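To start, the structure under review is shown below, and the notes come after it.
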Amino acid sequence: MDRVTKTNYYLDIAQTVLERSTCLHWKFGAIIVKNDTIVSTGYNGAPRGRKNCTDLGFCMCGEDGETSSELCRSVHAECNAIISATREQMLDSTMYLCGADAKTGQILSDTCSCQLCKRMIINAGISKVIVRNSPTCFVTYNVRDWVFNDDSFSGQL
């Protein structure tokens, strides 16, 4: 029997974390790992004490979930993982991220953190983000590239 790689082991855990998500469109799970120790976990859902979309039975983002994320009630998985850890724990750590369609459960391929989450990841001192694209495939992002290849302004200088 083949042993699962360390990367897929952590991505499997992130995929389990997304099962706590309360979004009606997209479920995300994130974990932060440093020195082979899980520092924190996070999934997308409404802030503590507020009603979740699953409780309300509808989403402010509309039927397709494509409306501005500003309307979304959820705190993103990456943000929830970051606010549950100290900066010291996150310096030079790796974030593992997995997303799935809330209706079908299919893993989202070709996804990445939004601009706000990227900024938070940069400031947290996380060095790599590894995103699952399929049960065995993933993409690794060097956070330093996000700093030097700033795409947050789309050429509006």
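The values are calculated or read from the model by the stated rules, or taken from the named source; none is laboratory data. All of these numbers come straight from a predicted model, not from anything done at the bench. Heads up, the Cβs are rebuilt from the backbone with ideal geometry, glycines too, and the neighbour counts pull from every protein chain shown. All accessible areas refer to the heavy atoms of the entire protein, side chains included, with ligands and DNA or RNA removed. Shrake-Rupley method; radii C 1.70, N 1.55, O 1.52, S 1.80 Å.
Things to note:
- Taken as a whole, the structure leaves S40 outside the set of residues that are touching a Ser or Thr at 6+ places or on another chain (Cβ under 7 Å) and either exposed (fewer than 13 other Cβ atoms within 10 Å of the Cβ) or assigned to a helix (DSSP H, G or I) (or both).
- All of N35, N8, N52 fail the test of being closer than 18 Å to K128 by Cα, touching a residue at least 24 places away in the same chain (Cβ under 8 Å) and out of contact with any helix residue (DSSP H, G or I) (no Cβ under 7 Å at 6 or more places or on another chain), apart from N8.
- Among the residues of region 83-116, those identified as of a type outside the set (S, T, Y), closer than 15 Å to T41 by Cβ and within 12 Å of the chain's Cα centre (by Cα) are M95, L97, C98, G99.
- Flag for E70 being surrounded by fewer than 11 Cβ atoms within 10 Å (Cβ to Cβ), modelled with pLDDT under 95 and in a loop (DSSP other than H, G, I, E, B): no
- Residue list for region 46-64, restricted to those being open to solvent by less than 90 Å² (accessible area, probe 1.4 Å), at pLDDT 80 or above and at negative phi: A46, P47, N52, C53, T54, L56
- Selection within region 97-139 - of a type in the set (V, I, T), more than 15 Å from W26 (Cβ to Cβ) and either touching a helix residue (DSSP H, G or I) at 6+ places or on another chain (Cβ under 8 Å) or buried (at least 17 other Cβ atoms within 10 Å of the Cβ) (or both): I121, I122, I126, V129, I130, T136
- Of note, N80 does not satisfy the criterion of being within 11 Å of V143 (Cβ to Cβ), open to solvent by 20 Å² or more (accessible area, probe 1.4 Å) and not small (G, A, S).
- Some residue of region 14-23 being touching a residue at least 40 places away in the same chain (Cβ under 8 Å), assigned to a loop (DSSP other than H, G, I, E, B), surrounded by fewer than 20 Cβ atoms within 10 Å (Cβ to Cβ) and not small (G, A, S): yes
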